[in-house]
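The values are calculated or read from the model by the stated rules, or taken from the named source; none is laboratory data. Just so it is clear, the structure is predicted and the values come from calculations on it, not from any experiment. So basically every Cβ, Gly included, is an ideal-geometry build from the backbone, and we count neighbours across all protein chains shown.
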Amino acid sequence: MPATPKSRTAATIAILAVTQLIGWGTTFDMLGVMGRIIAPDLHLANEIIFLGISVMMVVGALAGPAIGRMLKRFGAARLLAAGSVAFAAGLLLLSVADGLVLYILAWCVIGVGGALGLSAPAYTAVVEREGANASRVIAILMLFTGLSSAIFWPLLNLVQETIGWRLTFGLSAAAHLFVCLPLYLFALPKPLVMSQTVAQENIPAPVPFDARARRLAFVCIAAATTLATFVTYGLTPSLLQIFGLFGAAPALALQLGSLRGVMGISARFLDMLLGRRGNPLLSAILGAGFLLTGFVLLIVNGRSPVVLVIFVVCYGFGSGIITVARALLPLTVFSRQDYGLQSARLSLPQNLASALAPVLFTAILDRAGVFPLLVLCAVLATISVGFILMLAILIRKARAVAPAV
């Protein structure tokens, strides 16, 4: 009996939610629990251990354009399966690491796995299978992946306390090989274009851009999302210190940090509820606007506990909205056929920003202080809004002239 659209959607969400939770939880989020545990055994400083995340992001960024071409040629399922193999290989290398060289090499391999198996390929898998429903499904999927650290931090801590960190990495590798890989190869529904008579090449782009406008639209999306990523990835690791500099006690700082996470998940949940009625362009503007509002309030009167709470609400909600908009903006502009290619191309500047921002922001905070850092964040958020508005103007012009073409 053929699968119904609802059952296909449920299967796609369930499979990608499980595999993406494992993917993020055992790699990007993993050092939050394991980093300071493995450092003494490897005779490496904590900062070198956490450098692994930056290595992963840089390798993933450099691989992005090639991954985009492969997504367009081979489809998402094959690349996701290859990502599971790469993740397993990198985690096995981590399990036997005895020093700096093997440790960094392991993160290089994990970086290849991230390029093949996270974000752009996963969202492309949704677009291939869901068509017009893709935006809603991506929002639902991002709601699940936003819980990866909440699920895997306590789980990894429990497992490593029971069997040690090396076997924990080995068990994580097994999860990729024996859970994720079979799900990608045998359980993920086939793409719509394989079960319909309409050729994928005939699917039009949502916006009728000419070649020049198409390039400008890509630049606007890349600039806006990269700047927003730079701000959120750079500032988040220093939030507790910033709260302390504004007079918050350690207990209050931790509560504010937890509130930020709740607001981020709430933003993703709202996007999920909106589904097709949502507008990624408007969401991106609102997200950057929330960030800008929070930064301005903190600059004006950051020592007020009420302002700190309002800042966290604005920052958490804004960063959560932008995270979803970053995945959906290419779907607003480009065709389903080109979504994977364009998303992977966008991952190059976004991942480089993710890797470099924490180091640069920490240096600015330590050397120049909190106010210059917040002013920089406000300026970058403003520029990000400007690029989104430029994109909106390009879209409006293209649609205005379309009937005359």
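One table, with the values for the structure above:
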{"item": "Which numbered condition residue 264 fails, given (1) modelled with pLDDT of 85 or more; (2) of a type outside the set (Asp, Glu); (3) assigned to a helix (DSSP H, G or I)", "result": "(1)"}
{"item": "Search result, residues across the range 282-296 that are crowded, with 20+ Cβ neighbours inside 10 Å and either of a type outside the set (Val, Ile, Thr) or at positive phi (or both)", "result": "283, 284, 287, 288, 290, 291, 292, 294, 295"}
{"item": "Test: residue in the range 362-372 that is modelled with pLDDT of 85 or more and surrounded by 22 or more Cβ atoms within 10 Å (Cβ to Cβ)", "result": "no"}
{"item": "Residue that is within 23 Å of residue 358 (Cα to Cα) and not in a helix (DSSP H, G or I), where the choices are 228, 223, 248, 253", "result": "248"}
{"item": "Flag if residue 127 is buried (at least 18 other Cβ atoms within 10 Å of the Cβ), assigned to a helix (DSSP H, G or I) and either touching a residue at least 12 places away in the same chain (Cβ under 8 Å) or of a type in the set (A, V, I, L, M) (or both)", "result": "yes"}
{"item": "Lone qualifier among 295, 290, 334 - being over 17 Å from residue 115 (Cα atoms), touching a Lys or Arg at 6+ places or on another chain (Cβ under 9 Å) and not aliphatic (A, V, I, L, M)", "result": "334"}
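Yes/no per residue for (1) of a type in the set (Gly, Ala, Ser); (2) surrounded by fewer than 20 Cβ atoms within 10 Å (Cβ to Cβ); (3) at pLDDT 80 or above; (4) more than 21 Å from the chain's Cα centre (by Cα):
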site: 112; (1), (2), (3), (4): no, no, yes, no
site: 117; (1), (2), (3), (4): yes, no, yes, no
site: 135; (1), (2), (3), (4): yes, no, no, no
site: 167; (1), (2), (3), (4): no, yes, yes, yes
site: 177; (1), (2), (3), (4): no, yes, yes, yes
site: 195; (1), (2), (3), (4): yes, yes, no, yes
site: 210; (1), (2), (3), (4): no, yes, yes, yes
site: 220; (1), (2), (3), (4): no, no, yes, no
